[in-house]
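Written below as structure tokens is the structure these notes are about.
Values in this text are rule-based calculations from the coordinates and carry no lab data. Note that the structure is a prediction, hence the values are computed from the model and not measured. Please note: Cβ atoms are built from the backbone with ideal geometry, for glycine as well, and neighbour counts cover all protein chains shown.
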Amino acid sequence: MKRIVELASRVYPSDWSRKYGTEFRALLEDVEPSWRAVLDVLQGGVQMQVKHMSLVKLTIACAGAGLLIAASVAFSIKDTYQSSALIQITGGTLPDAADTVSQLVQRTLSTDSLNGLIEEYGLYKDAHGERPADVVRRMREDVTIGRLHLPGSRQPSCFVTATPTGQRRRR
């Protein structure tokens, strides 16, 4: 632990270390080594670095710290995919449109169609070891299909919204 405290003391600026290093090392010899001591030494060293730093170096250090934080947050966020479509059926009668929509829904939610989408776009990567049928069932739960009436239109429309994140909590 003394070695870690000694390494932490190297954070202090070199000018400061040349001037006060001997006394500081003697002080560290009298301190009981602990994580608290390591943190105290690091905190003092960082404060001294900031105090002796030029504005340009301080700006670069803050930008670097911000970049590290942003990168760690970006890499910790799981991928989310969202897609939507609006289908407007023109011409024909309402029963014909309903049949067309029903056929589209059946084709869209078919096992082959959903398996193809899952494989092509690498969806549900967290489904290691799950049966393909269970993954397809999860995707069906994530897909919403409904009817929508567009203002000024006499024809029915159908909307499809899919958010297959594969990141939902399991029940």
Per-residue Cβ contact counts at 10 Å, fewest first, order MET139, MET48, MET1 as MET1, MET48, MET139
Taking the range 116-146, which trypsin sites (Lys or Arg not before Pro) meet the DSSP loop condition and have no more than 11 other C-beta atoms within 10 Å? LYS125
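May I ask you to sort VAL136, VAL56 by Cβ crowding, counting other Cβ atoms within 10 Å and putting the fewest first?
Numbers: VAL136 21, VAL56 8.
Ranking VAL136, VAL56 by Cβ neighbours within 10 Å, fewest first, gives VAL56, VAL136.
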Can you return the lysines within cross-link range of LYS19? Criterion is Cα-Cα under 21 Å, with same-chain partners fewer than 8 residues away left out. LYS51
Please list, in order along the range 117-122, the HN-Hα scalar couplings obtained from phi with the Karplus expression 6.51 cos²θ - 1.76 cosθ + 1.60 (θ = phi - 60°), rounded to whole Hz, x for Gly and Pro. 5, 4, 6, 5, 9, x
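Once you compute Rg and the Kirkwood Rh from C-alpha atoms, what is the Rg to Rh ratio for the range 2-76? Working shown, then result.
Values: Rg = 15.0 Å, Rh = 13.9 Å.
For the range 2-76, the value is 1.08.
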Assertion target for HIS128, HIS52, ordered by fewest C-beta neighbours within 10 angstrom first, is HIS128, HIS52
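Quick one: dipole size for the range 2-76, taken about the Cα centre, charges +1 on Lys/Arg Cβ and -1 on Asp/Glu Cβ, in debye to the nearest 20. All intermediate terms of the calculation are to be shown ahead of the outcome.
Numbers: 9 positive and 7 negative charges, 48 e Å.
Taking the Cα centre of the range 2-76 as origin, the dipole is about 240 debye.
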